[in-house]
Amino acid sequence: MMRSSALILAILLAIGGCSLKPIPRQELAQDKVDGVLKSLAAFRTEQRLAPFFDAAEVVAVYPMSVRAATGVGMAYGSGLVFDRSDRPIGYTRMYQLTGGPQLGAQFYRQVMFFRTRAIYEAFTHSRAPAEFAGQVNATLAVVGINSTPAFNGDIAVFTQLHGGLLLEASISGQRYTFGAISD
């Protein structure tokens, strides 16, 4: 079972592309930007994240991601990428596949901190921007315990749980896609 989950994970992560086509700023819906900015504000209230906000040149925010699992799990989220002045510079999608003992679903928001613009550019232009992690997670309604290794080099990832019911001890792979917002 675990070997087939790993194979499915590798195939799905290899299929997706790593960049989306650029969109003109005037086509960006202001209500979407406002919604993502609300999620960004919620992350700013967490004192433990203050050093990451201070150090980051670029921040990606996924305001609502959804995960569901029954042995093999999947997650999806979309969001926007902001520069230091909270101006949207890109849009992004996250895909995740997990394998291992797990059951349930959860809703969460996610933030990614890029310490430098260069690391952001390298991440968005690499052939396969994927992240692999092991995670232990227990979520019930809006009370959750989440223990996920979340820092790798100049990129840090954090989540805030919205709710759900999910128990897991899994391995996962994530793929991120990015597209520029052009002026």
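If you go through segment 19-52 and keep only what is under 21 Å from residue 122 (Cβ atoms) and either modelled with pLDDT of 95 or more or in contact with a Ser or Thr (Cβ under 6 Å, 6 or more places away or on another chain) (or both), you end up with 20, 22. Being touching a strand residue (DSSP E or B) at 6+ places or on another chain (Cβ under 8 Å) and either farther than 16 Å from residue 110 by Cα or outside any strand (DSSP E or B) (or both) is a property that holds for residue 72. Across segment 81-116, what is the number of residues that are surrounded by fewer than 17 Cβ atoms within 10 Å (Cβ to Cβ) and either farther than 29 Å from residue 171 by Cα or among the β-branched types (Val, Ile, Thr) (or both)? Of the residues in that region, 6 qualify. Considering only residues in segment 18-58 that are in a loop (DSSP other than H, G, I, E, B) and among the hydrophobic types (A, V, I, L, M, F, W, C), the one that is surrounded by the most Cβ atoms within 10 Å (Cβ to Cβ) turns out to be 56.
Exactly one residue among 78, 85, 65 is part of a loop (DSSP other than H, G, I, E, B), out of contact with any Cys (no Cβ under 8 Å at 6 or more places or on another chain) and modelled with pLDDT of 90 or more, and that residue is 85. A residue that is farther than 15 Å from residue 61 by Cα, modelled with pLDDT of 55 or more and either touching a His at 6+ places or on another chain (Cβ under 7 Å) or surrounded by fewer than 16 Cβ atoms within 10 Å (Cβ to Cβ) (or both) occurs somewhere in segment 142-157. Of all residues in segment 26-44, those that are at negative phi have Cβ atoms under 7 Å from Cβ atoms of residues that are of a type in the set (Lys, Arg), 6 or more apart or on another chain, in 39/109. Of all residues in segment 51-76, those that are of a type in the set (A, V, I, L, M) and in contact with a Lys or Arg (Cβ under 8 Å, 6 or more places away or on another chain) total 7.
The values are calculated or read from the model by the stated rules, or taken from the named source; none is laboratory data. As the structure is a prediction and not an experimental result, all values here were calculated from the model. Every residue, glycine as well, gets a Cβ built from its backbone with ideal geometry; the counts of neighbours run over all protein chains shown.
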